[in-house]
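The values are calculated or read from the model by the stated rules, or taken from the named source; none is laboratory data. Owing to the predicted nature of the structure, the values given are computational and were not obtained by experimental measurement. Glycine also receives a Cβ, built like all others from the backbone with ideal geometry; neighbour counts cover every protein chain displayed. Just the protein is used for accessible areas: all its heavy atoms, side chains included, with ligands, DNA and RNA removed. Shrake-Rupley method; radii C 1.70, N 1.55, O 1.52, S 1.80 Å.
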Amino acid sequence: MASTSRRIESDGEDEPQEEELERFDDFTLASSWERFISDIEAVCRQWMANGPKNLLKKGAVHLSPSKNLYKVKSELKYAMKSYCMEYHFETDSDGRIADWDCSLHDLQLCFGVKDFLVIAPQSASGVILDAPESSKLLSSVAIALSNCSSMWPAFVPVHDPSRKSYIGIQSMGTIFTRRFEADHISSQVPVKLMHLEGLFELFVSKFAYSTMDFSAHFFQVHFTMKLTYKTISHDDDDATRGADAEFVESGGSPKGDTHTRTQWDDDCPWSEWYSAEDPVRGIELVTIWTDKMVESSSEMAELENASPHEAQKWMLSPNISSTVSDGPRTNNVGFASQLSLLVDALDMSFEAQFMEDFVSVEKPGMDNLKSSMVVPPPSVVDRLLKELFQDGVKLSGFRKSEHKNSRFIKGAPLESLFAQFCLSSLWFGNCNIRAIASFWIEFVREVRWCWEESQPLPRMPGSGSIDLSTCLINQKLQMLAICIEKKQQLNEEYHDCIGSEDDHSVSMENDQVVDVSWKTPDPGEHSDKKCNSPSTPTNVTNSVNGGPTYDTKPDDFTPSSDSKSSNYMRRGSAGVVGPMMLLKSHQSLHAPFTQEAPLMTEDMHEERLQAVDAFSDSSSFSAQLEKEILYSDMSAFKAANPEAVFEDFIRWHSPGDWEIDDPLKSEPSSGFASVDSKNDWPPRGRLSQRMSEHGNLWRKIWNDAPALPTSEQKPLLDPNREGEKILHYLETIRPHQLLEQMVCTSFMAAADTLNQTSFGGLKQMQTKIDQLYLTAASMLKPLQANLLSAGSEAIEDLRRLSVIFGHVEKLLTIAASLHRKFLQAPSMSEAIFTSYQEFYSKRMGTGSVEENGDMEFSMKLQVRNHERPIVSSMFTPPTVNQSWRKVLSMGNLLNGHEPIVREIIFSKRDRVSGNHYASHTPRGYNKEIETYRMYICGTSNDLRVALSVASCD
């Protein structure tokens, strides 16, 4: 209890002491400003403790275009205001920053610092408009950094945001402090400050006495300068392109001369269809004068008149259009955009049975197409058809300039009629299904007119074989062109026959021996000599079943006479076939003129193969299918060899079915079953087993075939019948079948067109084109195999193919533009394209969503001394039409072009020892520091100045 009472008493005695303490003012309590400094200090200490590596792990943000500049930020509050403090740091802490590094941050370039702090209010402007507030804020940061023993420079944005003004401070240890200040003049720049002489005196005025005549004194000032030149951009061409775009949108085709002025791509292969924007809008040239000691303003005046060729370093930067860098997100008109529309038309082609259904006004369910899809007027259709079917268009060869991988795509050759139709369709009515249907109907009508009037089909060869590697429509058109040619020949022969019917006579000739230089026998010549030559006529070719055919007219009549006379009349003989003799008579075997095998398209071959598969005995049915050809060859052989037997025809037509009894008597190299000479008659051998069978179809045809030369036979190819069948196919083709072949041909023709572009020896571009062909061939296979259906995944594959095509097309335009601009310096164009291709490869996906979409391409290419004249020639002197440019006032002209930006760095360096700055420095302290530094950036219209001054505190 005593202890308790004692504690109570003591408590009572402490009450007056507490009252005395309440009246005491405790100055150890921190004010709000001190707490603000403490918060800044805590954040700075944390950043210093973490270091760059840990800050990167904790989410530091990268700042482009620098490769190793990052920033972290922290929010602070003071006096009811919020501030944001950012710490900018580089991961590479070694060395000093370069003066003209294009990746420098604005503050790094202005003040020559590396790592720095920026503190700014979190407001709409982001700057401090009140001078006392900015000074107090900068003092707070300086105190906090001093407490941390940090030498980071700190900056505060002030004034109006457009001025880009800053004030800053940096502690350089216990001796010096550097202060920073930057401001900007956006108008009414004094004339004196437009010239190097005035700018030099502006810098000198910061450390020299104001009353001094600067022009009469010498100062040791370090000077470096960077001048940026830019080629003139011909933006006036946009008006012409806009007119072209309106014309195309109205349903016209850009093909033809639609330009009134010269475009950059007039000689490019795609200019026949569209005009592309020049992706390389120009070049920027940076000329750098490295560190130089300047002593007077007169030196600066001389330097202003110096040529840019005297600069120590030239750096070139291409100005790539942003519409190209943005990839497929832009709506540029080109092959890729139109091919994408054609794929959409293919997707809709399954909605109708015939092409007429898409344009018919009575077809139900097509009302939505009529309202959304516009068909160009008939005048546009007539103009396009006139271009397609213009007279005098001859083709020397379809595959003349094709790519090596073009054969993998089953389309039509670029210069063919169907390929040109497909390319024209891409630009017809914005390539919608209704426009394509109407264009196709008129196209087929024009083809029928050529057929009915026996007019040659333009852009198609009228002779030769059918190219089965092309699409079916191209095969049909090629066969139709041949039918028209044969139809013309029949008509001419018919008229000639009528005109010369009374004058016609048949000449009789003796048998002639044909040697190596055999020519068409002259009906007026006769010969009684025997044939001793073992050679075969040089112009003899094998027929479809192995027999020889001749190029000479099949109207030669020769009396059959070798060693003895004969009463038989030999007709249609092309000459003696070496030493071959007939089996039943001692006469030479004559090769007849035979008809050419009838031409067949791919679908005709498939029908024959299906018919063969339907029968078990494929060999006999195959002979049945070839009956007409065999019948014709046998008739011609009988006419040329009146005393021949079936075995003679087999020896000539199918040597493999004639088996020689004596194995020592081998066949000659010509492949014909024969003997060495006429003295070894009769020839030894027998028919093969299949030819010896009872009821053999070949022998039956032989027995039925009359002796008729080809001139008296019915043609194997009936041009009238085949021509009508082809037109029926074209008029009744299913829409999806037409669109499938159009898609394949359009991709192939567009790729072949771009492949003709001249882009120099850029191997990367050639590789991209090679890959495009292989990718297209792979994605177009379902169309070539007729495996496509409505809503199939192949449609999406085709859309992705359009995107890939667009990427390659854009790269190709850049390669072509670079090749033209750097024609005399291919190494520079290759270096620029390689850099851009690496940048653009990240965007060459197949989807519509792109990563890194906001990235901009930039590169600096150093120009070597021998390349400077080439680059300089790109800056053509300004013309009279460009007189809107203001009066030149900055000097350092390059072919009449003044720099668009002039950047200068003045600096003055002093040694601390023995200088007025060193009044409080320790003894023995001798170090050179940059006491004054001024960065100047400006044109004739504006000027920005940033000054840093080091002082001794």
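Report the residue count in segment 330-373 for those that are modelled with pLDDT of 85 or more, part of a loop (DSSP other than H, G, I, E, B) and open to solvent by 60 Å² or more (accessible area, probe 1.4 Å).
Count: 2.
List, please: which pairs have Cβ atoms under 9 Å, are six or more places apart or on different chains, and start with a residue in segment 164-184 that is at positive phi and touching a residue at least 24 places away in the same chain (Cβ under 8 Å) and end with one that is surrounded by fewer than 22 Cβ atoms within 10 Å (Cβ to Cβ) and of a type in the set (Asp, Glu)?
164/106; 164/183
Need the failing condition index for residue 414 against (1) aliphatic (A, V, I, L, M); (2) crowded, with 24+ Cβ neighbours inside 10 Å; (3) outside any loop (DSSP other than H, G, I, E, B), just the number.
Status for residue 414: all satisfied but (3).
List pairs: first residue in segment 301-314 and surrounded by 13 or more Cβ atoms within 10 Å (Cβ to Cβ), second residue basic (Lys, Arg) anywhere in the structure, Cβ distance under 8 angstrom, at least six positions apart or on different chains.
Close Cβ pairs satisfying both conditions: 314/868.
Can you tell me which residue within segment 451-469, out of those that are more than 34 Å from the chain's Cα centre (by Cα) and at pLDDT 90 or above, is surrounded by the fewest Cβ atoms within 10 Å (Cβ to Cβ)?
453
Taking only pairs six or more apart or across chains, which ones have beta-carbon atoms under 6 Å, a first residue in segment 49-67 that is outside any loop (DSSP other than H, G, I, E, B), and a second residue that is surrounded by 11 or more Cβ atoms within 10 Å (Cβ to Cβ)?
Hits for this filter: 52/89; 52/91; 55/72; 61/71; 62/70.
Is it the case that segment 766-776 has a residue that's in contact (Cβ under 8 Å) with a residue 12 or more places away in the chain, surrounded by fewer than 22 Cβ atoms within 10 Å (Cβ to Cβ) and outside any helix (DSSP H, G or I)?
So far as segment 766-776 goes, no, none of its residues is in contact (Cβ under 8 Å) with a residue 12 or more places away in the chain, surrounded by fewer than 22 Cβ atoms within 10 Å (Cβ to Cβ) and outside any helix (DSSP H, G or I).
For segment 434-457, check the following and say yes or no: at least one residue is outside any helix (DSSP H, G or I), in contact (Cβ under 8 Å) with a residue 40 or more places away in the chain and either over 20 Å from residue 728 (Cβ atoms) or in contact with a Lys or Arg (Cβ under 7 Å, 6 or more places away or on another chain) (or both).
no
Could you go through segment 93-110 and let me know if any residue there is open to solvent by 40 Å² or more (accessible area, probe 1.4 Å) and touching a Leu at 6+ places or on another chain (Cβ under 7 Å).
Yes, segment 93-110 contains a residue that is open to solvent by 40 Å² or more (accessible area, probe 1.4 Å) and touching a Leu at 6+ places or on another chain (Cβ under 7 Å).
Here are some residues: 203, 207, 218. Which one is assigned to a loop (DSSP other than H, G, I, E, B), in contact with a Lys or Arg (Cβ under 9 Å, 6 or more places away or on another chain) and at pLDDT 65 or above?
Only one candidate passes the filter, namely 207.
Would you mind stating whether residue 799 is within 30 Å of residue 734 (Cα to Cα) and either part of a helix (DSSP H, G or I) or touching an Asp or Glu at 6+ places or on another chain (Cβ under 8 Å) (or both)?
yes
Applying the selection to segment 808-836, what residues are more than 15 Å from residue 755 (Cβ to Cβ), open to solvent by less than 10 Å² (accessible area, probe 1.4 Å) and out of contact with any helix residue (DSSP H, G or I) (no Cβ under 7 Å at 6 or more places or on another chain)?
817
Taking segment 142-198 as the region of interest, how many residues are assigned to a strand (DSSP E or B), among the β-branched types (Val, Ile, Thr) and out of contact with any Cys (no Cβ under 9 Å at 6 or more places or on another chain)?
Of the residues in segment 142-198, 5 are assigned to a strand (DSSP E or B), among the β-branched types (Val, Ile, Thr) and out of contact with any Cys (no Cβ under 9 Å at 6 or more places or on another chain).
To keep it simple, each residue is scored yes or no on (1) open to solvent by 10 Å² or more (accessible area, probe 1.4 Å); (2) farther than 19 Å from residue 946 by Cα; (3) more than 55 Å from the chain's Cα centre (by Cα); (4) β-branched (Val, Ile, Thr).
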residue	(1), (2), (3), (4)
128	no, no, no, yes
131	yes, no, yes, no
138	yes, no, no, no
151	yes, yes, no, no
156	no, no, no, yes
159	yes, no, no, no
166	yes, no, no, no
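Out of all the residues in segment 111-140, which are in contact with a Lys or Arg (Cβ under 8 Å, 6 or more places away or on another chain) and assigned to a helix (DSSP H, G or I)?
Once the filter is applied, which keeps residues that are in contact with a Lys or Arg (Cβ under 8 Å, 6 or more places away or on another chain) and assigned to a helix (DSSP H, G or I), segment 111-140 yields only 111.
Table: residues versus (1) among the hydrophobic types (A, V, I, L, M, F, W, C); (2) not in a strand (DSSP E or B).
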residue	(1), (2)
72	yes, no
77	no, no
84	yes, no
98	yes, yes
104	yes, yes
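When only residues in segment 589-623 that are of a type in the set (Asp, Glu) and either modelled with pLDDT under 80 or open to solvent by 80 Å² or more (accessible area, probe 1.4 Å) (or both) count, which is nearest to residue 650 (Cα to Cα)?
Checked segment 589-623; the qualifying residue nearest to residue 650 (Cα to Cα) is 596.
Is it the case that some residue within segment 745-757 is aliphatic (A, V, I, L, M), buried (at least 16 other Cβ atoms within 10 Å of the Cβ) and touching a His at 6+ places or on another chain (Cβ under 8 Å)?
Yes; the residues of segment 745-757 include at least one that is aliphatic (A, V, I, L, M), buried (at least 16 other Cβ atoms within 10 Å of the Cβ) and touching a His at 6+ places or on another chain (Cβ under 8 Å).
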